[in-house]
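Reviewing the structure listed below.
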Amino acid sequence: MAGPKSRATISATVITLNEERNIRACLDNLGWCDEVVVVDSVSSDQTVALARQQGARVLTRPFAGYADQKNFALAQATMDWILSVDADERVTPELAAEIMAALANPGDVVGFFLPRRNHVFGRWINHGEWWPQYLLRLIRRGQGQWQGAVHEVLLADGPVRHLRTPLLHYPNLNLSAYLARIDRYTTMEAQAWYAAGIRPSLWKMLLYPPGLFAYEYIWRRGALDGIYGLVLAILMAYYTFLKRAKLWELALHKESLPPP
């Protein structure tokens, strides 16, 4: 007679760079996992020391892109399932319980989407792209890979399901910091587009920003979040315009250079 089936084991992975403000609270909420792996991009603050104090296995690796860094973290995990978490995210006890219940009988599922709830500019955002924001974050080991230069996504090699308990996200950005992040991310996206052979389009520069604003603010009911929804919809429209403008600038300079 077969004995009881052993429970599924879970690794949690976190990539970091100067996250001393977040790492302790993040890892405090991962104590139920069988293993925690932190891949640090050569932080200059106390991130590494704090992570080790929390019992994490810490590996230092120069940053080579978000997807590349997260794929490296996946490769270091040794348990049955891997939960990928950012340092500014929190796995609540309720979410941990739902994950364990789901993994008790996953069937042929190889991954789970988690609904992420965002705390932006001091309050929870309840509409638009910000809620519910479903992200694939839980994967069977060897059954998924991260892709994308910025806003990287985890892709599964099989069936997936959705969980219901939110993953909490505290980006802790003021408007100036948010704009600085937009500037950094749009540069990276424009460079990735250009390297992939994508060239600028005047029509997309004209139509995508107002279209995205209308989608977020009206169709996805961002207006119900009041001034917060308005500001976020404008920022998203600005984001999509800026990355296309940077692609145009990149093409302008590259294509005006004399051949080598």
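The numbers here are math on the coordinates, done by the rules we state, and not lab data. Quick caveat, the model's predicted, so the values are computed rather than measured. With ideal geometry, Cβ positions are generated from the backbone for all residues, glycine too; neighbour counts draw on all protein chains shown.
Positive contributions from Lys and Arg (+1) and negative ones from Asp and Glu (-1), summed over other residues with Cβ under 15 Å from the Cβ of residue 174, come out at +1.
Treating the angle as unsigned and between 0 and 90°, give the value, to the nearest 10°, between the Cα long axis of helix 93-104 and the longest Cα principal axis of the chain. So the helix axis and the longest Cα principal axis differ by about 70 degrees. Loop-located trypsin sites (Lys or Arg not before Pro) across the stretch 97-185 with a Cβ neighbour count of 11 or fewer within 10 Å are 164, with loop assigned by DSSP. Relative to the dominant Cα principal axis of the chain, helix 66-76 is inclined by about 10°. Recomputing volume of the Cα convex hull per residue in Å³ from the coordinates shown identifies the correct label among (1) 141; (2) 160; (3) 120 as (2).
Among the listed pairs 204/243; 70/246; 70/204, a Cα-Cα separation exceeding 22 Å is found for 70/246; 70/204.
Helix 227-256 axis versus longest C-alpha principal axis of the chain: approximately 70°, rounded to the nearest ten. Counting every other Cβ atom within 10 Å of each residue's Cβ, 14, 110 order from fewest to most as 110, 14. Using the average count of surrounding beta-carbon atoms within 10 Å as a protection proxy, the listed peptides 71-84, 20-33, 191-204 rank, highest first, as 71-84, 20-33, 191-204. Rounded to the nearest 20, the Cβ-based charge dipole of the chain about its Cα centre (Lys and Arg +1, Asp and Glu -1) stands at 320 debye.
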